[in-house]
Structure formats: structure tokens, C-alpha cells
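Trainee: The structure follows.
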Amino acid sequence: MPRLVVDQLSMRYPAGAGGVAALEDISFTLEPGEIRVVLGASGCGKTTLLNALAGFLPPSSGRILLDGRPLAGPGAERGVVLQKQALFPWLTAGGNVEFPLRLRGWPRARRRAEAEAWLARLGLEGCHGQPLHQLSGGMRQRVELARALAADPAILLLDEPFGALDAFTRESLQCLLLTLWRDSGKSLFFITHSVEEAAFLGSTVMVLSPRPGRVIHESALTFNRAFLQGGDARAVKADPAFIAAREQLLEAVHASQG
Ligand SMILES: Nc1ncnc2c1ncn2[C@@H]1O[C@H](COP(=O)(O)OP(=O)(O)OP(=O)(O)O)[C@@H](O)[C@H]1O
Ligand SMILES: [Mg+2]
């Protein structure tokens, strides 16, 4: 399983007088099988960081290493779920999920079966032939997740994938994601605004300061494993230890705002 190392990364956009410093001196490792959650205020550089890890943007300074080698653009071992939905509107739900498999040259019947299986796992059984405009926002978000998972990347980069969902759907997808994580051994890089979501999902939670984003806090947590052992998200989230960890993260976020 690949390891991503981010070493003194700074990201700067050329726009404006003197440019925009989005990220400053970020260092961390995404260990194989880890869920690293990034928490931070709007505009602090989270999406910029994801774009750098995906290989869409080159570092302004510092390095990103994949198994010891500098990233050379996007790669099949890294899957991405973008903040703005990026499904192909001219394809059906199933057509979208099949897309990466088609690129790999899978024959029609095999990719259809795989897409149907992923849609079913995400609670979208029978939606294969449906056009996207007939799906709700939450359903489209799940199609997006199914497409990323069908491509079977070792590392999944997710930018606020559950941000637009109602509380119930959000929690059920958090649980599903943890189950898929356990069964697949993938590494996840997960951006969220939700402190509760961060505490529930993260093996490590990293808090960024306002722009330019710097790492101002890191917590190692095990509530994801507690959920996988007990199977009850409500019980984990109501546990005093969880509430204490959530409050500690919230304090770090508030402290970062000065
Ligand atoms: N292409 C660009 N050119 C110039 N500035 C940019 C560009 N993209 C982003 N920025 C700026 O860089 C900063 C970080 O943006 P980014 O999208 O990474 O934030 P974010 O943490 O993902 O925010 P949100 O939580 O709202 O999604 C912002 O101030 C933004 O205005
Ligand atoms: Mg963003």
C-alpha cells in the first residue's frame, strides 16, 4: 500500500498583487490504511491541499512524495471525490460508475455487474439506468462515491463528500464509508467542516489555521475502530470520551480563529 509524504508544502496562487498564499509549511504522512481528516474554516486551503495531493496542482515549494518519489501529476492509485460534483451529466448513474472501468477496457457485462454492485452497496439498487437529473443531490453524491470506489484506488481523496446531506443520510454514509475502509484497507484523506464527522471518522484529525493554512493541531483518535467493533454510531457519538475529543477539536478550531 502506498504512502504519501507531504514535506514542508506551501501553495500559492498567482492571482492578485503579490499572489495568494493558500498553504504554508504543511508536513504530514498519509500512512497506509489511515483515515486522515482535515478540518478548517472556509478558505483555509483544504481543497488546495487535496488538489496538490491529487497531482492537479504542483507544489509552490516543498515536496509531495508517493512511495518516496515526487508526484508526477494524477495517478490511478489516487481516487478523488471533488467538492463540486463532477459526474458526467450525459451518462446515467450506472454509466458514470462504469466510466473508470471502461477506461480500463473491462468488457461490458463485467463492468455493468461491478457498477450495479457498487450502486447497491451505496443504497442505490436499481438506479443503474437512471439519468442524473432524476436523482436527488444526496443520491448523486453516492453515485460519485460509487464511481471513485469502483476504480479501486489505494488512496481516496474526499473533499467534503457528505457536506450537502441531511443528518440521517450523512451518518449512514459515514458508517458505510468506515465499513468499506475496514474491508478494503484503503487510505483516506477526508476534508470536512463538521467537527463531529472529523472525530468519528479520523484515525488522525489535522486542524488547519485560516489562510494561509498551517497545521495547528493534530489528534490521533480511535472512534472509527470503536464503531466498527460495536456497530452503533449513536452509542459512539454519545460516549463521554467522544464528546470530550469533539470538544477538544472544536476548541482547536476556535483557537485558530484567534
Ligand atoms: N485558482 C485560484 N486562484 C486564486 N486564489 C485561489 C484559487 N483557488 C483558491 N484560491 C484561494 O485560496 C484560498 C484557499 O482556497 P480553498 O478552496 O483551498 O479553501 P477551502 O479550505 O477548501 O475552503 P472551503 O471550505 O470553502 O471549501 C482561498 O482564499 C481562495 O480564495
Ligand atoms: Mg474547499
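Trainee: Let me confirm something: among ALA41, ALA72, which residue is over 18 Å from the mean Cα position of the chain (by Cα) and farther than 17 Å from LEU176 by Cβ? Working first, answer last.
Mentor: Numbers: ALA41 fails: over 18 Å from the mean Cα position of the chain (by Cα).
ALA72 is the lone residue from the list that is over 18 Å from the mean Cα position of the chain (by Cα) and farther than 17 Å from LEU176 by Cβ.
Trainee: Follow-up. Out of GLU144, GLU171, which single residue is touching a strand residue (DSSP E or B) at 6+ places or on another chain (Cβ under 8 Å) and closer than 21 Å to VAL38 by Cβ? Step through it out loud before you land on a result.
Mentor: Working: GLU171 fails: touching a strand residue (DSSP E or B) at 6+ places or on another chain (Cβ under 8 Å).
Of the residues listed, the single one that is touching a strand residue (DSSP E or B) at 6+ places or on another chain (Cβ under 8 Å) and closer than 21 Å to VAL38 by Cβ is GLU144.
Trainee: Further, regarding this structure: Could you please let me know if GLU98 is in contact with a strand residue (DSSP E or B) (Cβ under 8 Å, 6 or more places away or on another chain) and more than 16 Å from ligand 2 (Cβ to nearest atom)?
Mentor: On the way: in contact with a strand residue (DSSP E or B) (Cβ under 8 Å, 6 or more places away or on another chain): no; more than 16 Å from ligand 2 (Cβ to nearest atom): yes.
Here the answer is no, as GLU98 does not meet what is asked.
Trainee: Out of all the residues in the stretch 81-100, which are under 18 Å from the mean Cα position of the chain (by Cα) and at pLDDT 95 or above?
Mentor: Scanning the stretch 81-100 gives a single hit, VAL97.
Trainee: Separate question: So VAL215 fits all but one of (1) under 24 Å from ARG78 (Cβ atoms); (2) under 15 Å from the mean Cα position of the chain (by Cα); what number is the exception?
Mentor: It is condition (2) that VAL215 fails.
Trainee: Return a yes/no flag: does the stretch 139-149 have any residue that is surrounded by 21 or more Cβ atoms within 10 Å (Cβ to Cβ) and either of a type in the set (Lys, Arg) or at positive phi (or both).
Mentor: Scanning the stretch 139-149 turns up at least one residue that is surrounded by 21 or more Cβ atoms within 10 Å (Cβ to Cβ) and either of a type in the set (Lys, Arg) or at positive phi (or both).
Trainee: Being over 19 Å from the mean Cα position of the chain (by Cα) and at pLDDT below 95 is the requirement here; does VAL253 meet it? Working first, answer last.
Mentor: Working: over 19 Å from the mean Cα position of the chain (by Cα): yes; at pLDDT below 95: yes.
Yes, satisfied.
The rows are residues; the columns are (1) closer than 23 Å to LEU49 by Cβ; (2) surrounded by 13 or more Cβ atoms within 10 Å (Cβ to Cβ).
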| site | (1), (2) |
| --- | --- |
| PRO212 | yes, yes |
| SER219 | yes, yes |
| LEU228 | no, yes |
| ALA233 | no, yes |
| VAL236 | no, yes |
| ASP239 | no, yes |
| VAL253 | yes, yes |
| GLY258 | yes, no |
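Trainee: Answer with yes or no whether GLU144 is among the acidic types (Asp, Glu) and without any contact (Cβ under 8 Å) to a residue 60 or more places away in the chain. Step through it out loud before you land on a result.
Mentor: On the way: among the acidic types (Asp, Glu): yes; without any contact (Cβ under 8 Å) to a residue 60 or more places away in the chain: no.
Criteria not met by GLU144.
The values are calculated or read from the model by the stated rules, or taken from the named source; none is laboratory data. Everything numeric here is computed off the predicted structure, so don't read it as measured data. Don't worry about glycine lacking a Cβ; one is built from the backbone with ideal geometry, like all the others, and counts go over all protein chains shown.
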